[in-house]
Amino acid sequence: MYTSIQEFIGDWTHEAGSTQKVFDALTDASLQQLVSPEDRSLGKIAWHIVTSTPGMLSEFGLKVEQVENANQVPDSAKEIADTFRKVTADTMEAVKQWSDSSLSDKIHVFGREMPKAVTLDLLIKHLIHHRGQITVLMRQAGVKIPGIYGPAREEWSLIGMEAPSL
């Protein structure tokens, strides 16, 4: 659980930065990649991350600008990536509305009471969860995945090593 706003901002900077690398690697064509006909496309999942982040912050009681045209998934991977850059910066500013000492205060969120610090952890986990879905769909769409917590398969050779085999 976070004990300071700066601690959250450090984690957010890292995780949002990794997500930005993923978004920057997307192509317009990859946005149509599906897991199945019943599930969201890669583009819809990416846009969900972009639009739900300020939505979650508002649910937490923070004042933050919402994404315009949130109900319309862009056809442009660049638009998704560029909008996420703004959402990332807005998120770091929005959490500064809280103080370190207020992080243990409980708030009513998504039908239950939880400390503010837990809501910030929930925001990070939500981002990571959907980013993982996107990377699988990127692989299926033939898009090169950037390394997140280490090198992606294509990056091992750049560090002079052989990629792990099957």
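Quick look at the numbers
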read-out	value
Restraint check, LYS21/LYS96; LYS44/LYS96; LYS116/LYS144; LYS63/LYS144, Cα-Cα greater than 32 Å	LYS116/LYS144; LYS63/LYS144
Cα-centred dipole magnitude for the chain, charges only on beta-carbon of K, R (+1) and D, E (-1), debye, nearest 20	160
Cα pair count fraction exceeding 19 Å, expressed as % - the chain	58
Per residue, in Å², the accessible surface of the range 13-92 once ligands and nucleic acids are set aside, probe 1.4 Å	49
Where LYS106, LYS44 fall by accessible area, highest first, once all protein chains stay in place (1.4 Å)	LYS106, LYS44
Cα long-axis angle, helix 5-25 against the chain (0 to 90 degrees, to the nearest 10)	30
Helix 77-94 vs. the chain, principal-axis angle (Cα, 0 to 90°, nearest 10)	30
Degrees between helix 116-141 axis and first principal axis of the chain (Cα, 0 to 90, nearest 10)	10
Carbon + sulfur, % of accessible area of the range 1-125 - ligands and nucleic acids excluded, 1.4 Å	50
Nearest-0.05 FRET efficiency for ASP100 and GLU79, computed from C-beta distance (R0 35 Å)	0.50
Most to least accessible of ILE80, ILE159, ILE148 (protein chains only, probe 1.4 Å)	ILE159, ILE148, ILE80
Values of log10 I(q)/I(0), in the order q = 0.17, 0.26 Å⁻¹, for the range 50-97 under a Debye, Cα-only, solvent-free model	-0.46, -0.94
Within the range 134-166, backbone nitrogen closer than 12 Å to the virtual label 7 Å beyond the Cα of LYS21 toward Cβ	145-156
Dipole of the chain [Lys/Arg +1, Asp/Glu -1 at C-beta], most positive-end residue of PHE84, PRO37, TRP98	PRO37
Candidate residues VAL73, VAL95: accessible-area rank, largest first, probe 1.4 Å	VAL73, VAL95
Distant alpha-carbon pairs in the range 114-166 (separation over 13 angstrom), percent	68
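The values are calculated or read from the model by the stated rules, or taken from the named source; none is laboratory data. Since this is a predicted model, take the numbers as computed values, not measurements. Virtual Cβ from ideal backbone geometry, glycine too; neighbours counted across all protein chains shown. For accessibility, only protein heavy atoms count, side chains too; no ligands or nucleic acids. Shrake-Rupley method; radii C 1.70, N 1.55, O 1.52, S 1.80 Å.
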